[in-house]
Amino acid sequence: MNSSLWIAIYLPLFIIFVIILPQQNALRKIVVKKKKGGRKTMANEVIKKYIGYKCNISTGTFGASLVGKIVDVKENWIEVETKKGVELINAEFVQTIKIVE
């Protein structure tokens, strides 16, 4: 077998099993530890200050983000008005909120 075939087959597997999966497992362990010690979530009072502002809300390990205007915050849910329509985001999964002007 030539080396390009080995790279094409085994490099993606190496990336998945050696880089991506251990990072996700480490994040899960952190969440489990936080749950045992009383998991702290982003306070709704902090998010409520930004109702009416256009924000960039980032969630997920791969940097999934959403740009829109925060309409309402109830319990653990953030209601965001985007170009596509109104979307709901679980506040427990929000990593960052940046104000966009």
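The values are calculated or read from the model by the stated rules, or taken from the named source; none is laboratory data. All values derive from a computational prediction rather than experimental measurement. Don't worry about glycine lacking a Cβ; one is built from the backbone with ideal geometry, like all the others, and counts go over all protein chains shown.
Considering only the stretch 82-101, state which residues are surrounded by 10 or more Cβ atoms within 10 Å (Cβ to Cβ) and assigned to a loop (DSSP other than H, G, I, E, B).
T82, V100
Here's a check for you: in the stretch 61-81, which residue that is among the β-branched types (V, I, T) and surrounded by 12 or more Cβ atoms within 10 Å (Cβ to Cβ) is farthest from E45 (Cα to Cα)?
V67
I'm checking my understanding of the structure. Among residues of the stretch 1-45 that are closer than 28 Å to E75 by Cα and in a loop (DSSP other than H, G, I, E, B), which one is modelled with the highest pLDDT?
Only one residue tops the list, namely A43.
Somewhere in the stretch 54-67, is a residue assigned to a strand (DSSP E or B), modelled with pLDDT of 85 or more, among the aliphatic types (A, V, I, L, M) and touching an Asp or Glu at 6+ places or on another chain (Cβ under 8 Å)?
At the first step, the residues of the stretch 54-67 found to be assigned to a strand (DSSP E or B) are 54-59, 64-67.
Restricting the remaining residues to those that are modelled with pLDDT of 85 or more gives 54-58, 65-67.
Next, only the ones that are among the aliphatic types (A, V, I, L, M) stay: 57, 66-67.
If we keep only those that are touching an Asp or Glu at 6+ places or on another chain (Cβ under 8 Å) as well, we get 66.
Checked against the condition, which is being assigned to a strand (DSSP E or B), modelled with pLDDT of 85 or more, among the aliphatic types (A, V, I, L, M) and touching an Asp or Glu at 6+ places or on another chain (Cβ under 8 Å), the stretch 54-67 yields at least one hit.
Restricting to the stretch 55-74, name every residue that is touching a residue at least 24 places away in the same chain (Cβ under 8 Å) and either of a type in the set (F, W, Y) or closer than 27 Å to Q24 by Cα (or both).
Hits for the stretch 55-74 are C55, N56, I57, S58, T59, G60, T61, V67.
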